[in-house]
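Please read the structure below before turning to the comments.
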Amino acid sequence: MKSKIIFLFIAVLSILISIGFFNGVSSIDIASLLTLLFSTAYLAYIAVSYFKDEPPSFSDEISLGLLFLVTAKAAFLAVAGNLLNPYPLDILFIMIFAYLQPLLHAVIYASFISAIDIIPSVLQPDKEALRPVFSLQSVFAVSMMLITAFAVNVVSNNGRKAKKRLEGMIKSMQTSARLVNQHESAEAVVPAISRDETERVSSDSVHKVADSVANTLELLKKTLNCHNCILFEAGHAKREGKKVLTIIASAAPDKDINYEIANESAGNLLGWIAEHKVPLRIANIRDIKGVSYYGRDEAINSFIGVPVVNERDELKAILCADSKEKDAFSAEAERLLMLSAHGISKLLENISILRKMRTETAEFTAFYELSKKLSSTLKFGEILDIALNSSKEIVDYDMAAFILREGSEALKVVSAKGLKASDVMHKIFKTDESIAGLVIKNGKPLSFSDFQEGKRDIQIFPGIFLPIRSVICLPLLVKDGPIGVFIMASKKENLFSSYETKIFEVVATNTAVALSNARAYLQMEKMATIDGLTGLLNHRFFQERLSHEIERAERYKERLSLLLVDIDYFKKVNDTYGHPAGDKILKDISKILVSAIRSVDAAARYGGEEFAIVLVNTAGRGALDTAERIRKIIENNEFDIGAAFIKVTASIGVSAFPDDTGLLDDGGSQRLLISKADSALYTAKREGRNRVYLFKDVSDRVEDNKAV
């Protein structure tokens, strides 16, 4: 019904053109303008409705093409009228349609345009005067239209055939690659260390298959004196839901060959062999459909085909030969083809072994390089970066992250790369909120081929949605158990195979060992710089830090102050309440000191019950205020020692650089700064304790105390 309406619309529009309804911009009116707009809108609607669901039929294509031509013709006449000849435009349209569509379509379009051009002349009142010119013009116009359509269509067909042949050859190479891959057993999986390396080795394998098989087929063609020898892949490839056979190689690739045909046993000789897996020899072919792998009739009369199976009797390919002669193949030819099929099967197996060996070599090299890099550093950040970058070389993931345990019930993202890395970095969440927690709990890898995070009750990173499909989550295992997880994710489905999971298990294990070693090194380094009881800097590292800060202050012309803090009557506390109580007070006062200073400052245990604080870029009066604040906090605090709450006080001496020391070389400023702070502290204790003295304020009394 729709086609009839369209053809009726085309006829009406053609009549309007013929009677001069569209005759230039100067004569255009509302009726012609509305007709033109309606025609254009209707053309767009028909085009969308035809191509929206499925390919159009022959009548649909013809009606749509004619509707386009008549609408374009009307638009041209509405603008140009009789001022311009439409003939060049007609030729252009014919060339376009002849190039894109079959010859029959082009002939119909050429005839239609010619008719539209001729009819207005036929309708002229003075036909006698017009007849000689009209006859010549009409014959020329129609002839040129048809010649143009035919010539362009021939060129187009040749181009399409060449393109089809090239696509077929590419398809053949892809089939060779798939056949090599399928030939490997599940027990002899090829590890995919790097996509580039795998593609390179696969490409080598494909070329080896194509070259070796092509040589075999050419030799068979000469030996059998036949028309062609072809090897078809008979795996599980499908097209539109149906199984197909795809050409791997041909002894005469220049023939007009269909590189992909339906794998159906009914009326198809190759399909029959694929179904029964036995040789087939036909002396006289009655139905050309049996050899449907040719694009045109090659006058084939004889056919022979044999199955190519592996050691597990699985059909991998079909080797066939054909001839234009009747009864061209004997039993001896069948045996020769069977031997060739066996050789091709062995060839595929050998190439698979070669590919496996090359890829395993690449695997060993990659892991060796990764191990060298991981063992070359003891820095957490560098280890994580090495693991992430090396993994990216192995599999092109979209997102990867390392998540480490933060206490017993929490996890923290310590390194991330790729999709939303900045959002997840340093994120802390509970172990039961993420699949990472499940992996840590079970100590086993977890992988998903189609994760679809939005459809699951648990996320990878709580509160952050990732548009991913494939996920692999690996535990970082050390002697004491999992210390975290290594997660990789991709937007693609089924990116991580079982053998890639095993590869990354090794990566995760090596990384876990490297992280454990780095953590042990950091612990040793911490023990060398940190006081074990209070967690403050120890005396040795304090001296190094003070020296560094004095050098920096001298270089940048800045101020520096030193506080020496001593707990009053601390021996009495130890004697009365015991040393554990004394240790508890030391720890609590250490926390007070750390909370009272800035992150750029440094607090240290100077010795016994004495502490030291370095205040960076702070003058004497500022240091005095800080010291007084610390003294009051200690004085007002009640220290819990278990059996009781007690109060203690502290005395603090303050010295400033360079006010109290001047600029001395060879550590003289450092020694003098400590000595001045110690003198101020001694004066504070001598004059009653629980007080803060700045050396500059008490320097005269310090001299008196020394004299006494």
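The values are calculated or read from the model by the stated rules, or taken from the named source; none is laboratory data. From a predicted model like this one, the values you see are computed outputs, not experimental measurements. As a convention, Cβ positions derive from the backbone with ideal geometry for all residues, glycine included, and neighbour counts pool all protein chains shown. For accessibility, only protein heavy atoms count, side chains too; no ligands or nucleic acids. Shrake-Rupley method; radii C 1.70, N 1.55, O 1.52, S 1.80 Å.
Summary table
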quantity	calculated
Unmet criterion (only one of (1) free of Cβ contacts under 8 Å to residues at least 12 places away in the same chain; (2) under 37 Å from the mean Cα position of the chain (by Cα); (3) under 21 Å from ASP211 (Cβ atoms)) for ALA249	(1)
Subset tally (residues that are modelled with pLDDT of 90 or more and not in a loop (DSSP other than H, G, I, E, B)) for the range 277-307	9
Residue list for the range 465-498, filter: loosely packed, with under 15 Cβ neighbours inside 10 Å and not in a loop (DSSP other than H, G, I, E, B)	GLY481, SER498
Failed condition for VAL439, given (1) of a type in the set (A, V, I, L, M); (2) in contact (Cβ under 8 Å) with a residue 12 or more places away in the chain; (3) open to solvent by 20 Å² or more (accessible area, probe 1.4 Å); (4) not in a strand (DSSP E or B)	(3)
Test for ASP423: is it modelled with pLDDT of 90 or more and among the acidic types (Asp, Glu)	yes
Any chance LYS502 is closer than 15 Å to ASP450 by Cβ and basic (Lys, Arg)	no
Among the candidates VAL648, VAL692, residue that is at pLDDT 95 or above and touching a Phe, Trp or Tyr at 6+ places or on another chain (Cβ under 9 Å)	VAL648
Any pair with Cβ under 6 angstrom, 6 or more apart, that starts in the range 10-28 at a residue that is in a loop (DSSP other than H, G, I, E, B) and ends at one that is open to solvent by 20 Å² or more (accessible area, probe 1.4 Å) and modelled with pLDDT of 70 or more	PHE22/LEU77; VAL25/VAL79
Count of residues meeting criterion [without any contact (Cβ under 8 Å) to a residue 60 or more places away in the chain, open to solvent by 20 Å² or more (accessible area, probe 1.4 Å) and among the hydrophobic types (A, V, I, L, M, F, W, C)] in the range 302-319	1
Residue ID - nearest to LYS571 (Cα to Cα), chosen from residues in the range 611-629 that are open to solvent by less than 50 Å² (accessible area, probe 1.4 Å) and under 55 Å from the mean Cα position of the chain (by Cα)	PHE611
Selection count, the range 277-301, where residues are of a type outside the set (A, V, I, L, M, F, W, C), open to solvent by less than 30 Å² (accessible area, probe 1.4 Å) and in contact (Cβ under 8 Å) with a residue 40 or more places away in the chain	2
Which numbered condition SER330 fails, given (1) at pLDDT below 90; (2) over 27 Å from VAL244 (Cβ atoms)	(1)
Complete set of residues in the range 649-669 that are open to solvent by 30 Å² or more (accessible area, probe 1.4 Å), over 30 Å from PHE639 (Cα atoms) and touching a residue at least 24 places away in the same chain (Cβ under 8 Å)	PRO658, ASP659, LEU663, GLY667
Residues satisfying the stated conditions in the range 397-422, i.e. surrounded by 15 or more Cβ atoms within 10 Å (Cβ to Cβ) and of a type in the set (D, E, K, R)	ASP398, ARG405, GLU406, LYS412, LYS417, LYS420
Unique residue being over 18 Å from the mean Cα position of the chain (by Cα) and without any contact (Cβ under 8 Å) to a residue 24 or more places away in the chain when the list is ILE428, ILE403, ILE458	ILE428
Long-range neighbours under 6 Å by Cβ, at least six apart or interchain, first residue hydroxyl-bearing (Ser, Thr, Tyr) within the range 564-592, second open to solvent by less than 60 Å² (accessible area, probe 1.4 Å) and not in a helix (DSSP H, G or I)	TYR577/ILE641; SER590/THR534; SER590/LEU536
Test for ALA80: is it open to solvent by 60 Å² or more (accessible area, probe 1.4 Å), among the hydrophobic types (A, V, I, L, M, F, W, C) and modelled with pLDDT under 75	no
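Let's see how each residue does on (1) within 24 Å of GLU260 (Cα to Cα); (2) at pLDDT 85 or above:
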{"position": "ARG195", "(1), (2)": "no, no"}
{"position": "THR198", "(1), (2)": "no, no"}
{"position": "SER202", "(1), (2)": "yes, no"}
{"position": "ALA210", "(1), (2)": "yes, no"}
{"position": "GLU218", "(1), (2)": "yes, yes"}
{"position": "CYS226", "(1), (2)": "yes, yes"}
{"position": "PHE232", "(1), (2)": "yes, yes"}
